[in-house]
6 protein chains.
Amino acid sequence: MSGPILVINPNSSEEVTQGLRDALSGMMFPGDPEIECVTIKESPLGIMSQRDVDEAGLRTGALIESRPDASAYVLACYSQPGLDLARSLTAAPVYGIQDAGVLSALAVADLFGVIAVAEISIPRHLRNLRRLGVEGRLAGEVALDGTISVAQSGHGEESYSALVKAGAKLRQMGAGAIVLGCAGMSGHRLRLERQLGVRVIDPTQAAVAMALGGLLSQKP
Amino acid sequence: MSGPILVINPNSSEEVTQGLRDALSGMMFPGDPEIECVTIKESPLGIMSQRDVDEAGLRTGALIESRPDASAYVLACYSQPGLDLARSLTAAPVYGIQDAGVLSALAVADLFGVIAVAEISIPRHLRNLRRLGVEGRLAGEVALDGTISVAQSGHGEESYSALVKAGAKLRQMGAGAIVLGCAGMSGHRLRLERQLGVRVIDPTQAAVAMALGGLLSQKP
Amino acid sequence: MSGPILVINPNSSEEVTQGLRDALSGMMFPGDPEIECVTIKESPLGIMSQRDVDEAGLRTGALIESRPDASAYVLACYSQPGLDLARSLTAAPVYGIQDAGVLSALAVADLFGVIAVAEISIPRHLRNLRRLGVEGRLAGEVALDGTISVAQSGHGEESYSALVKAGAKLRQMGAGAIVLGCAGMSGHRLRLERQLGVRVIDPTQAAVAMALGGLLSQKP
Amino acid sequence: MSGPILVINPNSSEEVTQGLRDALSGMMFPGDPEIECVTIKESPLGIMSQRDVDEAGLRTGALIESRPDASAYVLACYSQPGLDLARSLTAAPVYGIQDAGVLSALAVADLFGVIAVAEISIPRHLRNLRRLGVEGRLAGEVALDGTISVAQSGHGEESYSALVKAGAKLRQMGAGAIVLGCAGMSGHRLRLERQLGVRVIDPTQAAVAMALGGLLSQKP
Amino acid sequence: MSGPILVINPNSSEEVTQGLRDALSGMMFPGDPEIECVTIKESPLGIMSQRDVDEAGLRTGALIESRPDASAYVLACYSQPGLDLARSLTAAPVYGIQDAGVLSALAVADLFGVIAVAEISIPRHLRNLRRLGVEGRLAGEVALDGTISVAQSGHGEESYSALVKAGAKLRQMGAGAIVLGCAGMSGHRLRLERQLGVRVIDPTQAAVAMALGGLLSQKP
Amino acid sequence: MSGPILVINPNSSEEVTQGLRDALSGMMFPGDPEIECVTIKESPLGIMSQRDVDEAGLRTGALIESRPDASAYVLACYSQPGLDLARSLTAAPVYGIQDAGVLSALAVADLFGVIAVAEISIPRHLRNLRRLGVEGRLAGEVALDGTISVAQSGHGEESYSALVKAGAKLRQMGAGAIVLGCAGMSGHRLRLERQLGVRVIDPTQAAVAMALGGLLSQKP
């Protein structure tokens, strides 16, 4: 298994894909496995509606079939489009970033919180937490106030302030670790972690770490 | 945070510690963070009884206090001695390998199985799964037949055969991923994974991957 | 709200759609609301793989948008393709037959069993039961032995025998009601219920009954 | 099975029974099965205390034994008096309206809310939700303010305002569907549903729909 | 609070009531509070059917009202007839022996098993465990083989052998403590505990111990 | 089994041990079994930190080994130091007061609340409730305001006022019984119970009652 870890941005924003590369740059080493971030050009610029999710899922499946060389796949969207489909198409491990982020939070804290970009996605997240079976450990999920886009959520003082406010609220609700509920917020992760004083988990980094662990460990 | 990831073998067997180094060798890179495996010399050669666990827990705490330079700590024993104590002593993340291994299994499969070295440790593991809140996703836990020691469990054909037998039983019980329920089994991981056709997770590798993810990702 | 209850067969088999009409014939009255069963012609003859499910989901969404006149929608496939999408596209109630069938079983019995057409779909069903939050009341799920197709599952002595065998096993596992885990088995429902001596629930009938209840009850 | 669906009002208020008939009028068709609403004359005018519930339970059992001709039984009181007893006395399906209402809510929404007539009945309802196994999906239960009787709860502007207030609170708590926690509130159902913008479920209608589904579907 | 602990045998068998007195004789002290065991003469000789349970419940309520002098009440039947009613009638604590027995088992073991007199009562017990919220810790429930009556279950070699067989099966299922699922089995408790090597809990003794604890502790 | 019930105060405060004796004085009878309260002299005056808990656990184990004459052991600290260790060292029953207190509360009420001495111990308690499997029935846990020590918590008007305030809050959160979350609060139990109007449970008394029940009941 010498193929790359394929990190799939299911929207068509090259800016977001570049943000993923930046977030993962600390994990890229001269040796194997490569971490390759790809954009799905046919998608809209953002995955917002359920239709966006479902359409992106099929495109993700097609992409995975066109890249059988990969050693592992990471679905770098918190809605995890095409997770079940991907797993039906490949024997390689497939990580959804919501699952990976939340499970990583549970490895360091009793209760976790989630910061969502928008209120509308919270019920979707909750359904997935029930499916994952860990809803009992959710301290709460709080959305940014709605004027901030996915693309903006990882840059600039306005979004940082909103993240701090949401994070502080989650701490009050008992969260011992906070999961960033969107692939785009990673730019603020470290600063936010230091300010809040609890682990802040970027879910794409968490998923790639899990994938790396499975592959790196296979060296003889 | 430039300190090492400190992987703590809470028993006094240097052979086991060397096994950890071997298991983690694929994760050690020229750059930071270093992965340092240490032995607790005051402990017995194996952590078997509850007293062993509890005594090892205090020694783990003392070790952590003597090594404030570490960026993260991994408790490399499936009984996770001193996990709560460790977290009370440091702000750095502390990973127990049972929690990390099980949570990593849930990131790739619906139901997971566990291979224990001995029948006697299964109730202890179940208590921890309840505390972790994921007991509903356990397909089953199966013990090796009792003639195999922790030290032997990762080497040789006899222990390999026993692992294959246990793993096959877990697959029949519905396990989509299998967690090796002991830090010493890693030597058989890859071979077992290929034979069984499902992900086989070494919990120490899983914990170190999580720890690496948190640290690597902090590069600017 | 005078539009029909639109019962969507997400595969392209007119034979299956006609089977739905037969199953629902006892629920069609001279007055409103009409129960209209439609076929998605662009789909394959059966929904087997996860890709089939996901593609059918998008087609289901398109169909729903083309039929805004309906008062309620029933997704007549046990895999419930497009359930979340459908709910995002209409304010009218959308019923998935797995959810409706299982919830109806819980209204008459402590524990329920499910008869699946094929072994391969059981993990998919279990994921949905976790999402639904009622996995604790599942006595078990048993698959027909694999030589029987969806189309055959509701007709003929061979499939009937297989259903009886599966049902008897579920009774032994404690099931107080049995859900037919496929839209195609309804032809055997009544006969099976009488032979087994427990409620046997056709999930499409259960979903349409729920939909009817919501609409009929709105007469002034 | 040509007997009626027997809808049992376990209190002695003919006015309440007539309200049930009105609520179910949209479900009554020229053909079979008839929906017959009966009053238990020996009961008090309202089922308020636990003794009322338990005494009504025994009377319900006696009534069921005197009416072996029925095809299904609906216990039209949210406290479901005599549910276990009824099931021990007949092989026909017995529906309790709390169970049926709540399960119908789960078929259309992630989380449900309940409007109770009085604060005092909420713990009783919660015990039943635990027994039913779906307490994890309760957004909340809110009581009318205590000056409104069961009989009044389905008529007049005062009770309607109180229902709107309770329903709005439940929506804020995350309820995607609202169950009317009393057989007497049905008169306000449709108006409330339109004002709140979420499904509002009358539990008696929900139970009768389930019963009808089981019977109608048995036509050859 | 100087009144007795009233232990209510809800059937009319004086022999069973005398068995309760024998079981509790070790708990009776010269001082307060007295433990008084009473028979409900209007009941049948055994509580077998659901009707027996429900009728006994009302009689239990009447008895409690006639004995307001008691400091605590124990419902000495595993079906706990009238538990909710009793609590609605008195501010004194009311203990049902199933709840008390099971909760006492959880205080000494991870998983518990239950020995039922008859297969038919197991679903009733499971419903109560769900209501109690501890069904996740049930290792299993096993019934005696059906030829042994409630009265016989605590005396003689035949019933003792059946208890040993059931207990051994529960141990294999993982039970760390065993609850006798009937008020009549107490005669065999100590002998069975010694033979099986796990705690065997008589639920009436467990309930009275809890009641005693609440009362004894109130001495100044 | 004629040995005493050994009630172990794992801190070194003789004042606290005397408080235990006072709390249990109503349970001491002329006959067997004796209730013997012992202090662990090597411990600090209070068990506050996780290290205190873990160190006290080992000392508890040593004490138990030095007292094989006891019939039962009660770990009289809400953090239950050494519970698993103790159970590995003796076949006699070992009760932790948190488990016993909480389980006793569930025997008399639907939802329970806990009063903690300090905010910092609440997450520790919650982890244990998850392990115990009853977290779903917790109405809430409220801490005294932080200026009151363990030793003070059972004496004086200041601590009583704080307990009343915390208890009133828990009642509003739905608690039907309140567990005192510390071995030192027993002095206020009865007065608090009368003022709040719900059962207030001293966990040491609850544990000793359970232990007594198991021993007293063994008289022939």
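The values are calculated or read from the model by the stated rules, or taken from the named source; none is laboratory data. Not measured: the values here are computed from a predicted model. Virtual Cβ from ideal backbone geometry, glycine too; neighbours counted across all protein chains shown. Surface areas here come from the heavy atoms of the whole protein model, side chains and all, with no ligands, DNA or RNA. Shrake-Rupley method; radii C 1.70, N 1.55, O 1.52, S 1.80 Å.
In summary, residue C:136 fulfils each of the numbered conditions (1) open to solvent by 40 Å² or more (accessible area, probe 1.4 Å); (2) over 30 Å from residue E:134 (Cβ atoms) with the single exception of condition (2). Contact annotation: no residue pair with Cβ atoms under 9 Å, 6 or more positions apart or on different chains, pairs a residue in the range E:169-182 that is assigned by TED's automatic domain parsing to the domain that holds residue E:75 with a partner that is among the hydroxyl-bearing types (Ser, Thr, Tyr) and surrounded by 17 or more Cβ atoms within 10 Å (Cβ to Cβ).
Entry remark, the range A:62-98: residues being under 25 Å from residue A:126 (Cβ atoms) and within 11 Å of chain C (Cβ to nearest Cβ) number 9 in total. Answer yes or no as to whether residue F:189 is among the charged types (D, E, K, R), farther than 30 Å from residue E:189 by Cβ and open to solvent by less than 20 Å² (accessible area, probe 1.4 Å). Judged against the criteria, residue F:189 is a match.
Criterion first (buried (at least 21 other Cβ atoms within 10 Å of the Cβ), within 12 Å of another protein chain (Cβ to nearest Cβ) and farther than 17 Å from residue F:102 by Cα) does residue F:214 satisfy it? So residue F:214 passes the test. Just checking, which of C:119, C:135, C:55 is at the interface with another protein chain (Cβ under 9 Å from one of its Cβ atoms) and at pLDDT below 95? Residue meeting the stated conditions: C:135.
Residue by residue, here is whether (1) assigned by TED's automatic domain parsing to the domain that holds residue A:10; (2) out of contact with any helix residue (DSSP H, G or I) (no Cβ under 7 Å at 6 or more places or on another chain); (3) in contact (Cβ under 8 Å) with a residue 60 or more places away in the chain; (4) more than 30 Å from residue F:138 (Cα to Cα) holds:
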site	(1), (2), (3), (4)
A:80	yes, no, no, yes
A:83	yes, yes, no, yes
A:105	no, yes, yes, no
A:111	no, no, yes, no
A:114	no, no, yes, no
A:117	no, no, yes, yes
A:127	no, no, no, no
A:132	no, no, no, no
A:140	no, no, no, no
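I'd like the residue in the range E:6-51 that is crowded, with 20+ Cβ neighbours inside 10 Å and over 25 Å from residue E:209 (Cβ atoms) and, out of all such residues, is nearest to the other protein chains (Cβ to nearest Cβ). Once the filter is applied, the top-ranked residue is E:50.
Residue D:170 falls short on exactly one of the conditions (1) under 15 Å from the mean Cα position of the chain (by Cα); (2) away from chain C (no Cβ under 13 Å); (3) among the aliphatic types (A, V, I, L, M), and that condition is (1). Within the range A:187-211, the set of residues being in contact with a Leu (Cβ under 7 Å, 6 or more places away or on another chain) and either more than 10 Å from chain B (Cβ to nearest Cβ) or more than 18 Å from residue B:211 (Cβ to Cβ) (or both) comprises A:188, A:192, A:203. Here residue E:151 meets the list (1) open to solvent by less than 30 Å² (accessible area, probe 1.4 Å); (2) more than 10 Å from chain F (Cβ to nearest Cβ); (3) over 25 Å from residue F:110 (Cβ atoms) almost entirely, failing just condition (1). Filter the range E:52-76 for residues that are closer than 11 Å to residue E:4 by Cα and over 18 Å from the mean Cα position of the chain (by Cα); which is most open to solvent (accessible area, probe 1.4 Å)? Per the stated criteria, the residue is E:68. Once the range A:1-21 is narrowed to residues that are under 14 Å from the mean Cα position of the chain (by Cα) and in a helix (DSSP H, G or I), the residue that is nearest to residue A:148 (Cα to Cα) is A:16. Against the conditions (1) hydroxyl-bearing (Ser, Thr, Tyr); (2) open to solvent by less than 40 Å² (accessible area, probe 1.4 Å); (3) within 24 Å of residue C:177 (Cα to Cα), residue D:88 satisfies every one except (2).
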